[in-house]
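Reading through the structure tokens given below for one structure.
What follows is calculated from the coordinates using simple rules that are stated; it is not laboratory data. Every value quoted in this text rests on a predicted model; they were computed, and no experiment measured them.
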Amino acid sequence: MAIEKPFSRLWDRFPHRQDVAYVFGGVVFIVYVWAVRGFLYQFSSLRLYHNLGDILAVFCYLMAFALLESLLITGILLLIGFLLPRQWFKEGFAVKGFLAVLVSGSAMVKLQGYLYSQQMHNYQMPSSTTLYGGAVIGFVLLLILIFLVQKVTVIRNLLLAFEERLQVFIYVFVPLGILGLFVIFFRNIR
């Protein structure tokens with residue numbers, strides 16, 4: 001008779017560590033690249049009004065919040081995988097989670113572009129019909145992509161190989177995020 005650990009059945013509902021690392025690598029890549037792109041877009045105006053120390057502080061704040069955002073997104077995906085039935089999200093979590101991040105990230109880029117174009121004209125938010133329609137289209141696209149990846153092993157293997165290469169960004173960007181957290185901590189202590 002085997003003695004079962006008290007939380008072993010609970011831990012079995014979470015995906016494998018390597019799958020979580022693959023998804024986290026994808027999230028880190030998308031979030032940090034978007035954050036650095038935004039920083040570089042604003043860099044010339046920052047140079048006009050701030051010294052180098054202030055600009056580096058802004059960059060550290062950006063890196064710290066990108067780390068927190070990456071952890072939050074990965075945590076939400078883990079929670080979804082925990083709550084849904086095993087075959088829906090836990091099995092193939094690396095691929096399904098990465099596709100969810102890609103589709104939602106693309107939707108956010110599209111929404112930001114729409115809001116920026118509206119800002120140039122009349123500062124109007126999109127209608128609720130547009131927002132809900134976009135959410136439904138994104139969800140349907142996600143389901144189609146997941147179905148396609150599950151049926152075509154070549155695409156799944158290519159996606160996993162791509163995710164494996166994104167792991168290097170964890171080693172590049174996460175230390176910058178941790179450094180940013182230290183900068184925020186020490187700047188707010190004094």
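Quick notes
- Here, P(r) means the percent of Cα pairs in each 5 Å bin from 0 to the largest distance; for segment 46-155 it is 2, 9, 13, 15, 15, 16, 12, 8, 6, 3, 1.
- Between Gly25, Gly75, Gly134, the residue with the greatest mean-square fluctuation in the GNM of the chain (Cα pairs under 10 Å linked by springs) is Gly134.
- Semi-axis lengths (Å, descending) of the ellipsoid that matches the C-alpha gyration tensor of the chain: 33, 25, 16
- Of all the options Leu131, Leu78, Leu68, the one that moves most in a Gaussian network model of the chain with Cα springs shorter than 10 angstrom is Leu131.
- Axis angle, to the nearest 10 degrees, between helix 153-166 and the longest C-alpha principal axis of the chain: 40 degrees.
- Using alpha carbons only: equivalent-ellipsoid semi-axes of segment 115-185, gyration tensor based, whole Å: 31, 29, 9
- Relative contact order (%) - segment 16-189, alpha-carbon pairs under 8 angstrom, separation at least six: 44
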